[in-house]
Amino acid sequence: MADTDSSDAFVAFERVQKSYDGETLVVKDLNLSMPKGEFLTMLGPSGSGKTTCLMMLAGFETATHGEIKLDGKPINNIPPHKRGIGMVFQNYALFPHMTVAENLAFPLEVRKIPKSEREEKVKRALDMVQMGAFGGRRPAQLSGGQQQRIALARALVFEPELVLMDEPLGALDKQLREHMQFEITNLAHSLGITTVYVTHDQTEALTMSDRVAVFDDGRIQQLAPPDQLYEAPQNSFVAQFIGENNTLIGTVKSIDGEFCKVQLEDGEVIDAKAVNIGEVGTKTQVSIRPERVEYNRERMAEGVHTLKAEVLEFIYMGDIFRTRLRVAGKDDFVIKTRNAPDQVRLKRGEQIEIGWLPSDCHALDA
Ligand SMILES: Nc1ncnc2c1ncn2[C@@H]1O[C@H](COP(=O)(O)OP(=O)(O)OP(=O)(O)O)[C@@H](O)[C@H]1O
Ligand SMILES: [Mg+2]
């Protein structure tokens, strides 16, 4: 599912594998190519190999197999000071004996930027992370979130061509986090910085990135722009991992081009898009987004297949209604509907019929 055309890529992983102990592969056959200026996020559960990939790209770990290229050249052949990579690690290591301002000036000194320019750049970077007043402090005199912001400023202060960030906002509160998400993407796009960003937070990944690589078990499960990832998941892992999803288990009854019929465990048959299924008779996991389910007959497309449902819970959330249903013997089927003036508010115990467009219902691997 990862792209392999890396001929004019700025960053390229080509068939990369990594084992720390010579036995288990923590990265298995990774192919990824990024054009210059792209903001790419690696998203995935703990232990799926995200940090390992960043460390290899930074040149701190070597790939067991395969090759990593930066601007067409194998990373191992580029000396560290010529790599032009800004980094924020998961454990933001600042130089403890230097003040905040000295920490930020350091990457500029190394690059022989004149003093007057240095001061200007340090100030701008500190302002960006809202730490303008803290230039004279030492890292030990800062909170965890403040240290994290300084680490972020230090990675960006010399306007690197490539920035690698590993959970750079993990220690920040929601408001500051959202502010920094905006600042980082803005800066990266306006300076044309190529960014590889790592996070556990799927909302962060969806809102910040040009493309997201969903990792699991040392592999990229899907690499796509946020809307595609959300609306067209290629397998059940991605469907479950990104956003909320309803799943129904069934058996493939028939396949007709792009679409198929699936018989659910209770015998009912539904129409779905044949995304990732085996032949007729095999199991499939069908996945439907809560906001794509309709219960208002007038709002349903003509001829859509419907299922019987019982209302178990109706929650008024202001902008939306969130309703939990019993569908096909399952008690955890959730639908979300917009609080429109003509929208019906359901009541507990009510028997309804729900429907959706077959193109919104994805038959995936079980
Ligand atoms: N230096 C190391 N030596 C041996 N094994 C390691 C080392 N670093 C990581 N691993 C193992 O490699 C696998 C991938 O780890 P990695 O740190 O890349 O995961 P991650 O996706 O960044 O996870 P998290 O979200 O928790 O940071 C894990 O099973 C981990 O235990
Ligand atoms: Mg990690």
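Overview of values
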quantity: Lysines with Cα under 25 Å of residue 115, excluding same-chain neighbours fewer than 8 positions away; calculated: 82, 123
quantity: Axial C-alpha extent at least 30 Å, average Kyte-Doolittle at least 1.0 - helices from the chain (DSSP); calculated: none
quantity: Anisotropy class of region 244-365 from Cα gyration tensor, a/c 1.5 cut; calculated: prolate
quantity: Ascending count of other beta-carbon atoms within 10 Å, so fewest first, for 20, 295; calculated: 20, 295
quantity: Qualifying aspartates and glutamates (Cα of each under 17 Å from Cα of residue 308; at least 8 residues distant if same chain); calculated: 265, 266, 268, 271, 294, 298, 331, 332, 350, 353
quantity: Cβ-based exposure ranking for 122, 280, in which fewest neighbours within 10 Å come first; calculated: 280, 122
quantity: 23 Å Cα-Cα threshold exceeded, pairs from 28/283; 253/347; 18/69; 174/330; calculated: 28/283; 253/347; 174/330
quantity: For region 3-121: rounded, prolate or oblate by the Cα gyration tensor [a/c cutoff 1.5]; calculated: prolate
quantity: Loop sites in region 268-366: trypsin sites (Lys or Arg not before Pro), DSSP, at most 12 other Cβ within 10 Å; calculated: 345, 347, 348
quantity: Alpha-carbon radius of gyration plus Dmax, which is the widest Cα pair, for the chain in Å; calculated: 24.5, 75
quantity: Alpha-carbon centroid distance for the pair region 157-230 / region 34-95, whole angstrom; calculated: 14
quantity: Gap separating the Cα centres of region 247-268 and region 289-366, nearest whole Å; calculated: 19
quantity: Only Lys, Arg (+1) and Asp, Glu (-1) charged, at Cβ; the chain dipole about Cα centre in debye; calculated: 1140
quantity: Ellipticity estimate at 222 nm from DSSP helix runs (n ≥ 4, -39,500 (n - 2.57)) divided over the chain, nearest 500; calculated: -7000 deg cm²/dmol
quantity: Neighbour-count order for 19, 254, fewest beta carbons within 10 angstrom listed first; calculated: 254, 19
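Bear in mind that the values in this text are calculations on the coordinates, not laboratory data. These figures come from a predicted structure and were not determined experimentally. Ideal geometry is used to build each Cβ from the backbone, glycine not excepted, and the neighbour counts take in all protein chains shown.
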